[in-house]
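Undergrad: Got a structure here, written out as structure tokens. Questions coming.
The values are calculated or read from the model by the stated rules, or taken from the named source; none is laboratory data. Every value quoted in this text rests on a predicted model; they were computed, and no experiment measured them. Quick reminder, even Gly has a Cβ in these numbers, built from the backbone with ideal geometry, and neighbours come from all protein chains shown.
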């Protein structure tokens with residue numbers, strides 16, 4: 001089986017281009033994931049802190065009684 005020099009060089013160049021494209025795509029994916037992570041962290045830190053009340057029981061009788069005669 002004889003392979004010409006031009007075909008071998010062409011195949012090597014195409015392989016190198018494919019490797020470069022793959023590296024660029026992986027780099028862009030990592031950058032997109034980092035951006036999404038930073039955005040999610042910003043949203044989480046922007047949430048207001050829950051306010052503590054003087055007593056933890058709800059006001060009124062709503063939600064305090066359960067009817068067991070169903």
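Undergrad: If you check residue 51 against the conditions, is it exposed (fewer than 10 other Cβ atoms within 10 Å of the Cβ), in a loop (DSSP other than H, G, I, E, B) and modelled with pLDDT of 75 or more?
TA: So residue 51 fits the description; yes.
Undergrad: Is region 9-18 home to any residue that is modelled with pLDDT of 95 or more, at negative phi and surrounded by 10 or more Cβ atoms within 10 Å (Cβ to Cβ)?
TA: The answer is no; no qualifying residue exists.
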